[in-house]
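For reference, the structure is listed below as structure tokens.
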Amino acid sequence: MARKPIIAGNWKLNCLKAEAEALAKGLVETVGTKSDVDVVLCPTFTSLDTVAKAICGTKIAMGAQDCYWQEKGAFTGEIAPSMLVDAGCKFCIIGHSERRQYFGETNETINKKAQALYAAGLTPIICVGETLQEREEGNMEKVITTQVRGCLAGLEAAKVAESVIAYEPVWAIGTGKTATKEQAQEVHALIRKTVADMFGDATAQAVRIQYGGSVKPDNAAELMAQPDIDGALVGGAALKADSFTAIINF
Ligand code: PGA
């Protein structure tokens, strides 16, 4: 089955509103009508409205970088999925390794967030990935399957099929050290097999799996050519319109 590539820019903690607007407008110029690749911009919460206005009427979609699983109530500082819909989001990144590392995100909380996102009509971009130590100790396979199983436990197969999973080896994020295409493909195939074991082949063939970790214009094409790599989650190189455009035009 042909899966449409999906390339998302994870802007992390960057860009004031004016910068976010300039970046989004630059991308509207270069890839705003592109229809063979899904393009998603994930700015900070405070720039969602600005970016939503900048991409209005184009093919570019918007996502948030996190959410909470409750719809409302006494949860100071949190943002509900329905609020992300209200702000114009179609996607939401959950379980990024930085959130696992610094903010106590676990497979259980990611699972709750995925369910809440589905309920609001949003598509989660569910991140998994092993650390260098886990890889060097020979535990990559165990870590990845545990994360995929934990994050997706009990979810509806039809929803999983429409979701995006991002494989981001922690050792490749922001380090300039990309996984080789063989290393990435091996883990993507493992993720797809795990999804097949949980939900069946049709779901596994439908789910899109992005690679993330130092994706750049010069390595995007070879990564995207791998049979189980369906897109990219891009950090640093997504902060400049020219490099993100080059990745999208891989
Ligand atoms: P990077 O970040 O492209 O800067 O390595 C990717 C990510 O963390 O999503």
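No lab work stands behind these numbers, since they all come straight from the coordinates. Predicted model, so just to flag it, every value in this text is computed and none were measured. Cβ placement follows ideal geometry from the backbone for every residue including glycine, while neighbour counts extend to all protein chains displayed.
Taking 24 Å as the cut-off for C-alpha to C-alpha distance, list the pairs among Lys12/Lys177; Lys113/Lys216; Lys112/Lys240 that go past it.
Where the Cα-Cα span goes over 24 Å, the pairs concerned are Lys113/Lys216; Lys112/Lys240.
Quick check on the stretch 69-153: what does the Kirkwood estimate of hydrodynamic radius come out to from the alpha carbon pairs, in Å? Before the final figure, lay out the partial values.
On the way: mean 1/r = 0.0727 Å⁻¹.
The answer is 13.7 Å.
What's the Kirkwood radius of the stretch 1-104 in Å, using all Cα pairs?
Hydrodynamic radius (Kirkwood, Cα pairs) of the stretch 1-104 is 14.4 Å.
Any chance you could list the semi-axes, whole Å, largest first, of the equivalent ellipsoid that the Cα gyration tensor gives for the stretch 175-250, using √(5λ)?
With the √(5λ) rule applied to the stretch 175-250, the semi-axes are 25, 12, 10 Å.
Putting +1 on Lys and Arg Cβ atoms and -1 on Asp and Glu Cβ atoms, find which of Leu16, Gly63, His96 reaches farthest to the positive end of the dipole of the stretch 1-154.
The Cα lying farthest towards the positive end belongs to Gly63.
Roughly how big is the stretch 1-47's charge dipole about its Cα centre, with Cβ charges of +1 (Lys, Arg) and -1 (Asp, Glu), in debye to the nearest 20?
It comes to approximately 140 debye.
Among 75-88, 190-203, how do they line up by average Cβ neighbours within 10 Å per residue, starting with the highest?
Averaged packing, sorted descending, gives the order 190-203, 75-88.
Using every pair of alpha-carbon atoms in the chain, split the distances into 10 Å bins beginning at 0 and state the percent of pairs per bin, rounded to integers.
Answer for the chain: a P(r) of 8, 34, 39, 18, 1 percent.
Rounded to two decimals, what ratio of Rg to Rh does the stretch 118-250 give with C-alpha atoms and a Kirkwood Rh?
Working: Rg = 14.5 Å, Rh = 15.0 Å.
My calculation puts Rg/Rh at 0.97.
Place +1 on the Cβ of every Lys and Arg and -1 on the Cβ of every Asp and Glu in the stretch 175-250, take the dipole about the Cα centre, and give the residue among Gly200, Leu233, Ala184 whose Cα lies farthest towards its positive end.
Looking along the dipole axis, the top candidate is Leu233.
Step by step: find N for the stretch 122-171, compute 2.2 N^0.38 Å, then divide the Cα radius of gyration by it. What's the final number?
The stretch 122-171 yields a ratio of 1.24.
At q = 0.23 Å⁻¹, what base-10 log of I(q)/I(0) does the Debye formula yield for the stretch 103-196 when every alpha carbon is treated as an equal point scatterer in vacuo?
Taking Cα atoms of the stretch 103-196 as identical point scatterers yields -1.24.
Using only DSSP helix segments of four residues or longer, with each worth -39500 (n - 2.57), what per-residue ellipticity at 222 nm results for the chain after dividing by its residue count and rounding to 500? It would help to have the intermediate numbers written out before the result.
Details: 12 runs with 115 residues, N = 250.
Rounded to the nearest 500, the figure is -13500 deg cm²/dmol.
If you place +1 on the Cβ of every Lys and Arg, -1 on the Cβ of every Asp and Glu, and leave all else neutral, what size is the dipole of the chain about its Cα centre, to the nearest 20 Debye?
Working: 25 positive and 30 negative charges, 84 e Å.
Using Cβ point charges on Lys, Arg, Asp and Glu, the chain gives about 400 debye.
Collect residues whose amide H, placed 1.01 Å from N in the peptide plane, falls under 5 Å from the amide H of Ala232; neighbours closer than 5 in sequence don't count.
Ile6, Ile7, Ala8, Tyr211
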